[in-house]
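Asker: The structure that follows is given in the form of structure tokens.
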Amino acid sequence: MRIVMIGSGYVGLVSGVCFADFGHSVVCVDSDRSKIDALNAGRMPIYEPGLDDLVTKNAKAGRLTFTTDLPSSVADADAVFIAVGTPSRRGDGHADLSHVFAASREIALACKGFTVVVTKSTVPVGTGDEVERIIREANPSADVAVASNPEFLREGAAISDFKRPDRVVIGTIDERARNVMREIYRPLSLNVSPLHFTERRTAELIKYAANAFLAMKITFINEIADLCEKVGANVQEVARGIGSDNRIGSKFLHAGPGYGGSCFPKDTLALVKTAQDYDSPIRLIETTVAVNDVRKRAMARKIIAAMGGDVRGKTVAVLGLTFKPNTDDMREAPSLSIIAALQDAGAIIRAYDPVGAEHAKGLLDQVTFAEDPYEAANEASAIAIITEWDEFRALDFQRLKSVMAEPLLIDLRNIYPQGEIDRHGFAYVGVGRAT
Ligand code: UGA
């Protein structure tokens, strides 16, 4: 199959590279020339484990190319995926679809022969209808079918998520389009096909419903964690106790500083707005958004309380800045609000992140960036783990203690078992575990 991927951001790049690795011929298009030049030179615009090797391998094999030239790539394609950004629109929280619609117009003018146009970006219900309308208006003779194929991959595990998905949702009732999509995803079907064919609007809603449900699940366990602290229970054991019931499931029950990233905050907000527009409000998700928003600053108050209530002039060593490990993505990272609130209270921040420091530097004022956890902990009155990078799981506590003003660890990801570091003379505060 000849595939064009428009937008070489997270979803577009990973999907394009993986399709090429399946053996398809893939052209990744982006209007940002510097990004395309970098990719052609083998430099990745994002940090994702395993991505650079896969790009190099498939580019070498001639199956994967990068260009800014949309029209000539689209002319030869069997399927054109739209994977451009859909950020929250400033002011009203709706998804900003201007890039999706601009790409649709360009595709309409360039396509030749039967072409499946596929929205892979996360787009609100009804966007496929609008894409189709734009294409028909721009080029009434275009032979296209518009399908929705939302992506469920996670940053940091993107390649394995793409290649071993729980399901692939394809929203179109057009038989020719279904056949093209079957062919594209055929390499995934070993014994059982993961393909779910639906109507287009249903596919669009599945994506939002999935992200909103996961965000709600995290928010639920976070509120249970708060209650655990009050009643003297342990949230990890509660999560295990409820999660082993298959109807609930054990994943996404890790209490922490609140969800962040480029997807959950934006998608929950967009679903709330869509539901309100249709006069069918989803109050559970409205509440999820509100609870998660206040949680980040509440985590700063938790750190301040652990430090005795007054952090003026005291140093806090922050370990982990990105919204989760194995990414350099700082979008909506809880660390941003937590650090701002600690600074408002007069704390001095020394921070360390294994990969995200470069991005974080542009977003954080008055923060000293360290080269490792020990340098960050120098003269600190507390360490706060905000992101659970693997390299924080076996810290040398003797060494930390020798450089710190006070040996206190606030573990907002519960990566250390309760009681484990007491023997090093450290005070320890986790989340949802009565101390
Ligand atoms: C999320 C979804 O998991 C993907 O399925 C989806 O494709 C993607 O959004 C998207 O829409 O593009 P991602 O944002 O990469 O993926 O990251 P997650 O691993 O889902 O984590 C999101 C946030 O939730 C992080 O801040 C993480 O720390 C937090 N989280 C996750 C918890 O606090 N507790 C958990 O148990 C799980």
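Asker: Using beta carbons and a limit of 7 Å, which pairs, at least six apart or on different chains, have the first residue in the stretch 197-209 and in contact (Cβ under 8 Å) with a residue 12 or more places away in the chain and the second one of a type in the set (D, E, K, R)?
Answerer: Once the first residue is in contact (Cβ under 8 Å) with a residue 12 or more places away in the chain and sits in the stretch 197-209, its partners that are of a type in the set (D, E, K, R) give Phe197/Arg178; Tyr208/Asp267.
Asker: Given the criterion at pLDDT below 95, crowded, with 16+ Cβ neighbours inside 10 Å, assigned to a helix (DSSP H, G or I) and within 11 Å of the ligand (Cβ to nearest atom), identify the matching residue among Lys266, Lys217, Lys207.
Answerer: Selected residue: Lys266, the only one of Lys266, Lys217, Lys207 that is at pLDDT below 95, crowded, with 16+ Cβ neighbours inside 10 Å, assigned to a helix (DSSP H, G or I) and within 11 Å of the ligand (Cβ to nearest atom).
Asker: Only one of Thr198, Thr274 is in contact with a Pro (Cβ under 7 Å, 6 or more places away or on another chain), closer than 28 Å to Arg167 by Cα and surrounded by 13 or more Cβ atoms within 10 Å (Cβ to Cβ). Can you tell me which?
Answerer: Exactly one residue qualifies, and that residue is Thr274.
Asker: Something else about it: Taking the stretch 312-337, which residues are within 13 Å of Gly356 (Cβ to Cβ) and either of a type in the set (Ser, Thr, Tyr) or away from the ligand (no atom under 15 Å from the Cβ) (or both)?
Answerer: Answer for the stretch 312-337, where residues must be within 13 Å of Gly356 (Cβ to Cβ) and either of a type in the set (Ser, Thr, Tyr) or away from the ligand (no atom under 15 Å from the Cβ) (or both): Val318, Thr322, Thr327, Ser335.
Asker: A follow-up question, please. Could you tell me whether Ala347 is surrounded by 21 or more Cβ atoms within 10 Å (Cβ to Cβ) and either closer than 26 Å to Asp293 by Cβ or under 25 Å from the mean Cα position of the chain (by Cα) (or both)?
Answerer: Yes: the conditions hold for Ala347.
Matching residues to (1) in contact with a His (Cβ under 8 Å, 6 or more places away or on another chain); (2) touching a residue at least 24 places away in the same chain (Cβ under 8 Å); (3) closer than 25 Å to Cys263 by Cα:
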| position | (1), (2), (3) |
| --- | --- |
| Met1 | yes, yes, no |
| Met5 | no, yes, yes |
| Ser8 | no, yes, yes |
| Leu13 | no, yes, yes |
| Val17 | no, yes, yes |
| Val29 | no, yes, yes |
| Asn40 | no, yes, no |
| Arg43 | no, no, yes |
| Glu48 | no, yes, yes |
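Asker: I've got another one for you. Between a residue in the stretch 390-401 that is within 20 Å of Pro325 (Cα to Cα) and of a type outside the set (S, T, N, Q) and any residue that is in a helix (DSSP H, G or I) and at pLDDT 95 or above, which pairs come within a Cβ distance under 7 Å, given they are 6 or more apart or on different chains?
Answerer: Once the first residue is within 20 Å of Pro325 (Cα to Cα) and of a type outside the set (S, T, N, Q) and sits in the stretch 390-401, its partners that are in a helix (DSSP H, G or I) and at pLDDT 95 or above give Phe392/Pro373; Leu395/Pro373.
Asker: Then there is this: In this structure, is Leu364 more than 16 Å from the ligand (Cβ to nearest atom) and either closer than 22 Å to Gly258 by Cβ or touching a Gly at 6+ places or on another chain (Cβ under 8 Å) (or both)? Break it down stepwise before answering.
Answerer: Values: more than 16 Å from the ligand (Cβ to nearest atom): yes; either closer than 22 Å to Gly258 by Cβ or touching a Gly at 6+ places or on another chain (Cβ under 8 Å) (or both): yes.
So Leu364 fits the description; yes.
Asker: Taking the stretch 276-300, which residues are over 28 Å from Val125 (Cα atoms) and either in contact with an Asp or Glu (Cβ under 9 Å, 6 or more places away or on another chain) or not hydrophobic (A, V, I, L, M, F, W, C) (or both)?
Answerer: The initial filter retains those residues of the stretch 276-300 that are over 28 Å from Val125 (Cα atoms), namely 294-300.
Answer for the stretch 276-300, where residues must be over 28 Å from Val125 (Cα atoms) and either in contact with an Asp or Glu (Cβ under 9 Å, 6 or more places away or on another chain) or not hydrophobic (A, V, I, L, M, F, W, C) (or both): Arg295, Lys296, Arg297, Ala298, Ala300.
The values are calculated or read from the model by the stated rules, or taken from the named source; none is laboratory data. Computed from a prediction, not measured in an experiment: that's the story for all the values here. Every residue, glycine among them, receives a Cβ derived from its backbone with ideal geometry; neighbour counts consider all protein chains shown.
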